[in-house]
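> Here you go, one structure.
The values are calculated or read from the model by the stated rules, or taken from the named source; none is laboratory data. Everything numeric in this text was worked out from a predicted model, so none of it was measured. Cβ atoms come from the backbone with ideal geometry, glycine included; neighbour counts cover every protein chain shown. Ligands, DNA and RNA are excluded from the accessible area calculation, which covers all protein heavy atoms including side chains. Shrake-Rupley method; radii C 1.70, N 1.55, O 1.52, S 1.80 Å.
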Amino acid sequence: MTTNHKPLSIIAKCALCSIKTELFVCSHCDKVICQICVDKHQLKLNEILKEQWNLCKTKYFNLYRLSDIYAKDMVNIENEIDRIRLLINQRSMDLVNLIEHEKNNLLNKIEEYIQLNSSNVKHRDLQQLFDSINQRLNTIFEDPNASYNTEDFLLEIEHFNTLMYSREKQIQTNSPKYPGLSPGKPISISDIFGELQWNSTPMSNHTLTRSSTIDSSILNSTINGHIPTEIINGFQEESKTESEKTTSMSVMQRQKQWTIDAAGVPHFLCVLSKKNHLLFACDKFGSIDLYQLDSNEPKTSPRHLRQFELFPGNTTSQQPQIIETFTVYTPFIVVAAHLNDQADTSSIYFFDHRGLKQADTCLQNFPVRQLSADVSFKCLWGIDRHQHAVYYNQLPMNVQQIPTYIEHREEFIKFNRNFEPIRIAQNQTSIAIVERNSQCAHIFDKQTKKQIDEVENLLRTKGIFRLWNVLLRDDNSMVLKLDEDLPPNSRPPSINHLVLELDPKGIPISQIERTSVYGLAIGPNQEILLGCKRHQQNGLIECYI
């Protein structure tokens, strides 16, 4: 604020109020006025300045609020762009595979036709019969003393004439045919890939959910290597209704919040609550990345603490240890592993949280499908694939207890031969078991062993996705990991996955569409953490809120 200066002091009439008094030259208006008018003038200027500053502050806060809203919308836009990019890549691969498949079919039909016509034109059977009769007759004509039966030769010659007449009639009746390929029908590229539209309004959750539902049905339809006519010619109402039924589908699309790099492909993710929440990411060779999660702010990327290996040099070994399952509790890391060529047995290893081996290896004469440390029930859950059973050991709390506790186990439930448990998850009171054949997640009470709920994979009814993993919250709500159902022995470069969140009643409430998902965990603020493969030997961890 500019202050008044009093360079001159005179006695005269004020230019504003006409009162004769001591006057001053106002530095703002350059008029000769009295002190009272100077003060009034200064007060008015202060009010104008204050009013203008308040308007400026209001505009600033409005601009800041809009900027914050646009920043949040940009996250949604980037997620939508990533999803569109993956979808276009998938559709282009499906289209290339379809064209390749059709090309091979046409070439095979041409080869079959060539072989068929070749056999008809060359008449190899007539050639062989002619050579046989001619050779024997020449022998007889050259040797006058040779004995032969004229009637037999006449019958053979008559039969030969009959065959030639039949073949000649066949050739005259059936004119030669040659293949021709009709021109392809013109198809707009937008009918295959969809029309790219630029939305000028901020995207809402409803818009994202609706678009993801339609795109999910397209993805499900094209997964098996063909593009149905409904997609090229426009979706028919029946296919829309069926897609909505099979994908469930007015569910929220979870948004990716952050991404961090991992040294290996994170096949296993475990969150451990100590003073801080720790995130363990382990690949199938035992290379571990340890991170510290922000328990109060899930939008903040975790801090990388250290990296270590459970089996040093295992990645480059000629016969590496392959980790089948991985779990963490205080004070141990527990893994079940087997040699690359010995999948019918398993070895259980205990490590401290620095990766140092504790106690001796616990050999098992059966393949351990999964281990899960349950601190509330004080047990180590496991799956015996040979016995079709879910069992548990007492949970070792020190090194001395490890051999004794692992040696003795208790069966929780033994199922029949048709029931193949593949994954387990537990909360304070219940345990969820995924069965491979029926594609159901069965929830049992830990104390009574009675089944209290069952969730069926409805997407399996059309052969789209298979249920392979489950996470169970304390209220019995679940997170399911569904993998694209592929033909046996197929090895595509990437596999589509659907991560589906269910409420306690089994109703879908959110979903994530992603490729090459391996590890799965729930963060301290109910965020979903995914371990994904980026390249052959490394990956990344993504957080969805």
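> Calculate the dipole size of the chain relative to its Cα centre from +1 charges on Lys and Arg beta carbons and -1 charges on Asp and Glu beta carbons; express the result in debye to the nearest 20. Numbers along the way, then the final one.
Values: 57 positive and 64 negative charges, 636 e Å.
So the magnitude is around 3060 debye.
> While we're looking at this one, here's another question. So who's got an amide H within less than 5 Å of the one on Asp453, skipping anything under 5 residues away but keeping other chains? H placed 1.01 Å off N, in plane.
Ile443
> Within the accessible area of segment 8-102, what % is carbon and sulfur when the probe is 1.4 Å and the other protein chains stay in place? Write out the running numbers ahead of the final one.
Numbers: 4430 of 7000 Å².
About 63 percent, which is the carbon plus sulfur part of the accessible surface.
> Once both axes come from the Cα atoms, what is the angle between helix 237-247 and the longest principal axis of the chain, in degrees from 0 to 90, rounded to 10?
80
> How much net charge surrounds Ile406 when only other residues with a Cβ under 14 Å from its Cβ are counted (Lys, Arg +1; Asp, Glu -1)?
Once all neighbours under 14 Å are counted, the net charge is -3.
> Let me ask something additional. Provide the FRET efficiency to the nearest 0.05 for the Asp30-Gln52 pair, computing r from the beta carbons and using R0 = 30 Å. Kindly include the intermediate steps, with their values, before the conclusion.
Numbers: r = 22 Å, r/R0 = 0.73.
Approximately 0.85, to the nearest 0.05.
> Quick one: length gained pulling Thr21 to Asn525 fully straight, 0.36 nm per residue minus the C-alpha distance?
Numbers: separation 504, 0.36 × 504 = 181.44 nm, distance 7.43 nm.
Extra length from Thr21 to Asn525 when fully extended: 174.0 nm.
> What does the C-alpha gyration tensor say about the overall shape of segment 8-102? Classify as rounded when a/c is under 1.5, otherwise prolate if a/b is larger than b/c, or oblate.
Verdict is prolate for segment 8-102.
> Determine ³J(HN,Hα), in whole Hz, for all residues of segment 523-540 in sequence, where each value follows from phi through the Karplus function 6.51 cos²θ - 1.76 cosθ + 1.60 and θ = phi - 60°; x replaces Gly and Pro.
Karplus values, whole Hz, x for Gly and Pro: x, x, 10, 6, 6, 9, 10, 10, x, 10, 8, 9, 10, 5, 10, 9, x, 8.
> Treat each spin label as a single point 7 Å out from the Cα along the C-beta direction, and report the Glu411 to Ile84 distance in nm.
The modelled label-to-label distance comes out at 5.7 nm.
> Quick one: putting +1 on the C-beta of Lys and Arg, -1 on the C-beta of Asp and Glu, what dipole do you get for segment 447-544 around its Cα centre, in Debye to the nearest 20?
Values: 12 positive and 13 negative charges, 76 e Å.
Once rounded to the nearest 20, the dipole reads 360 debye.
> Here is a further query. Add +1 for every Lys or Arg and -1 for every Asp or Glu among the other residues with Cβ under 13 Å from the Cβ of Ala389, and state the total.
Charge balance near Ala389 sits at +1.
> Name the long-range amide H neighbours of Trp258: under 5 Å, sequence gap of 5 or more, or other chain; modelled H, no Pro or chain starts.
Cys543
> Given a 1.4 angstrom probe, what's the average accessible area per residue across segment 447-544, in square angstrom? Could you put the intermediate results ahead of the total?
Numbers: 4470 Å² over 98 residues.
That works out to 46 Å² per residue.
> Stokes-Einstein diffusion coefficient for segment 447-544 at 4 °C in a medium of 1.567 mPa s, Rh from the Kirkwood formula over Cα pairs: what value in µm²/s?
88
> In addition: Once you list every other residue whose beta carbon is under 15 Å from the beta carbon of Asn418, what net charge do they have if Lys and Arg are +1 and Asp and Glu are -1? Mind dumping the intermediate values first?
Details: positive: Arg385, Lys414, Arg417, Arg436; negative: Glu420, Glu435.
Result for the local shell: +2.
> Follow-up question, since we're still on this one. With viscosity set to 0.692 mPa s at 37 °C, what whole-number translational diffusion coefficient in µm²/s follows for the chain from Stokes-Einstein and a Kirkwood radius over Cα pairs?
For these conditions, the coefficient is 107 µm²/s.
> To continue, here is another question. For Lys169, list the lysines whose Cα falls under 23 Å from its own Cα; do not include residues on the same chain fewer than 8 positions away.
Answer for Lys169, where 23 Å is the Cα cut-off: Lys122, Lys177, listed by chain and number.
> Enumerate the calculated ³J(HN,Hα) couplings along segment 180-197 in order (Karplus 6.51 cos²θ - 1.76 cosθ + 1.60, θ = phi - 60°), each rounded to whole Hz, writing x wherever the residue is Gly or Pro.
x, 10, 5, x, x, 6, x, 10, 5, 5, 5, 5, 8, 8, x, 8, 7, 10
> Could you list, bin by bin from short to long, the percent of Cα-Cα pairs of segment 324-411 in 5 Å steps?
In order of increasing distance, the bins hold 3, 15, 28, 29, 17, 7, 1, 0 percent.
> So, one more: From the residues Cys37, Tyr64, Asn89, which one has its Cα farthest along the dipole of segment 8-102 in the positive direction, the dipole being from +1 and -1 charges on Cβ of Lys/Arg and Asp/Glu about the Cα centre?
The one lying farthest along the dipole's positive direction is Cys37.
> What accessible area, in Å² to the nearest ten, does a 1.4 Å probe give for His353?
Accessible surface of His353 is approximately 20 Å².
> Next question. Where the accessible area of segment 447-544 is counted over protein heavy atoms with a 1.4 Å probe, how much of it, in %, is carbon and sulfur?
That share works out to 48 percent.
> Let me ask something else. Taking 21 Å as the cut-off for C-alpha to C-alpha distance, list the pairs among Lys31/Lys57; Lys274/Lys481; Lys414/Lys446; Lys72/Lys533 that go past it.
Lys31/Lys57; Lys274/Lys481; Lys72/Lys533
> Using the Cα centre of the chain as origin and beta-carbon charges of +1 (Lys, Arg) and -1 (Asp, Glu), tell me which of Ser490, Ile528, Phe160 is placed farthest towards the positive end of the dipole.
The residue sitting most towards the positive pole is Ile528.
> Where does helix 150-173 land angle-wise versus the long Cα axis of the chain, in degrees 0 to 90, nearest 10?
Taking the Cα atoms of the chain, the angle to 150-173 is about 30 degrees.
> Still on this model: Ignoring any ligand, DNA or RNA, what whole percent of the accessible area of segment 344-436 comes from carbon and sulfur when the probe is 1.4 angstrom?
Ligands and nucleic acids excluded, carbon and sulfur give 43 percent.
> Give me the one-decimal nm value for the distance between modelled label points at Ile187 and Tyr113, 7 Å along each residue's Cα-to-Cβ direction.
Placing both labels 7 Å beyond Cα along the Cβ direction yields 2.2 nm.
> Can you give me the solvent accessible area of Thr173 with a 1.4 Å probe, rounded to the nearest 10 Å²?
Surface open to solvent at Thr173 totals about 100 Å².
> Let me know the charge dipole size of segment 338-409 about its Cα centre in debye, to the nearest 20, where only the beta-carbon of Lys, Arg (+1) and Asp, Glu (-1) is charged.
The calculation lands at about 180 debye.
> Related question: Return the FRET efficiency for the residue pair Leu458, Tyr64: r is the Cβ-Cβ distance, R0 is 35 Å, and the value is rounded to the nearest 0.05.
Details: r = 46 Å, r/R0 = 1.31.
Efficiency for this residue pair is about 0.15.
> Roughly what would the spin-label model give for Asn134 and Thr316, points 7 Å off Cα along C-beta, in nm?
Inter-label distance under the simple model: 7.2 nm.
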